[in-house]
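The values are calculated or read from the model by the stated rules, or taken from the named source; none is laboratory data. Predicted model only: the values in this text are computed from it and were never measured. FYI the Cβ positions are ideal-geometry reconstructions off the backbone, even for glycines, and counts take in every protein chain you see. Surface accessibility is based on the protein's heavy atoms, side chains included, excluding ligands, DNA and RNA. Shrake-Rupley method; radii C 1.70, N 1.55, O 1.52, S 1.80 Å.
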Amino acid sequence: MRFLRRFLARLLNLVTTQAQDARLTEEIEGHIALQTEENLRAGLSPAEARRQAILKFGGVEGVKEEYRGERGLPFIETLLQDARYAMRMLRKNPGFTAIAVFT
């Protein structure tokens, strides 16, 4: 049952990627802001406090990529990307497309 629920959640996430990316960015910024406030209370300058907060949080883009990998279904996403690429190539070469369809 847990597997099915997780699979369905990941399938739904294929459709709602932009909203979730915005929510993830907002959450990361919230964590960095909290750490920046803590650094400001420790006596650092605002610029240095933010810099230290980002360093402590780690690679923001790495965290986003890891989240995206856990959130979706990589096999289906790759399959959809390949299908879109194939359609673009078939539209680009109408002669080949006609022969392939005819065959």
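Separation between the MET89 and ARG5 pseudo-spin-labels, each 7 Å from Cα along Cα→Cβ, expressed in nm?
Placing both labels 7 Å along Cα→Cβ, they lie 4.2 nm apart.
In degrees between 0 and 90, to the nearest 10, how far off the longest principal axis of the chain does helix 60-71 point, with axes built from Cα atoms?
50 degrees
Among [x] 1.06; [y] 1.31; [z] 1.70, which one is Cα Rg over 2.2 N^0.38 Å computed from these coordinates?
[z]
If one takes the longest principal axis of the Cα atoms in the chain, at what angle in degrees, from 0 to 90 and to the nearest 10, does the Cα axis of helix 2-13 lie?
80 degrees
Say a paramagnetic label sat at a point 7 Å from the Cα of LEU40, along Cα to Cβ; which residues of the stretch 48-78 have their backbone N under 18 Å from it?
From the stretch 48-78, the list is 48-57.
Give me the angle, in degrees from 0 to 90, between the Cα long axis of helix 46-57 and the longest principal axis of the Cα atoms of the chain, rounded to the nearest 10.
Between helix and principal axis, roughly 50 degrees.
Give the carbon-plus-sulfur fraction of the accessible surface of the chain in %, rounded to a whole number; probe 1.4 Å, heavy atoms of protein chains only.
63 percent
For the chain, what does the accessible surface come to per residue with a 1.4 Å probe? Please give it in Å².
Here the residues of the chain average 80 Å² of exposed surface.
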